[in-house]
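What follows draws every value from the coordinates through simple rules; no lab data is involved. Remember, predicted model here, so these are calculated numbers, not experimental data. Virtual Cβ from ideal backbone geometry, glycine too; neighbours counted across all protein chains shown.
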Amino acid sequence: MRSKKQIMMIKRIVTVAFAILLSIPLLGQEEESKLDTIFLLGRRKLIVEVRNISSGSVMYYDAEKDKMEKVARKDIQKIHFSNGRIEVFNSPLIMTIDAGDWKTVIVTDRKKDVKGLYALGTVKGQSSAGSRSAKSAKKSATIRMQKRAANMGGIIVLVTKEESIGGFGEPPSYRVEGVAYSYTPPPKEEKEEQED
């Protein structure tokens, strides 16, 4: 039989060994979480440890290659640091815009641009009340018209009427009206409503 001292010693050894086994995966996670992510222009990314940021370049340690490397700041879109901070260097080269986004709706006043397309209906836009100049009033009205055309599924708007309102001392206002067009014909329900 074993004595109480031997049993206590075995319990301590087992407890220490168990604690060491549990801490090994945690050490690996800490090392990985210290890495920063450099997003390059052109959609490539580097998972490295950033060491130095200068006016012209960024020095980093690449653990896979086991050496220090350098990349020019002009080639970097942004860096996500391990502490959660994000530093943006350049805007992305390519921006993805959804097909139904109002920014993709083209505004034109030439009938030949809509030849062969299907009319979806009339869209209108009026500038916001807070417009400070005639230019901002026109832009605001056009954006509102583009948003309405995008909601209808339109890809292009043929402007049929433009009106600038407001004189000296009055806040500028702008109204624009047009017809939204699409590559595909409108659903039958909408055609019936337009005929009535």
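Peptides 154-160, 182-188, 64-70 ordered by packing proxy, namely the average of other Cβ atoms within 10 Å per residue, highest first: 154-160, 182-188, 64-70. As a ratio to 2.2 N^0.38 Å, the alpha-carbon radius of gyration for the chain is 1.92.
Mind checking which helices in the chain clear 20 Å along their axis (Cα) and have mean Kyte-Doolittle hydropathy of -0.5 or more, DSSP H runs only?
Numbers: long enough: 4-33 (44 Å, 0.61); 134-152 (27 Å, -0.87).
Going by DSSP H runs, the hits are 4-33.
Rounded to the nearest 20, the size of the Cβ-charge dipole of region 103-177 about its Cα centre is 220 debye, with Lys and Arg at +1 and Asp and Glu at -1. Within the same chain, lysines fewer than 8 places from K135 are excluded, and of the rest, those with a Cα less than 27 Å from its Cα are K103, K111, K112, K124, K147, K161.
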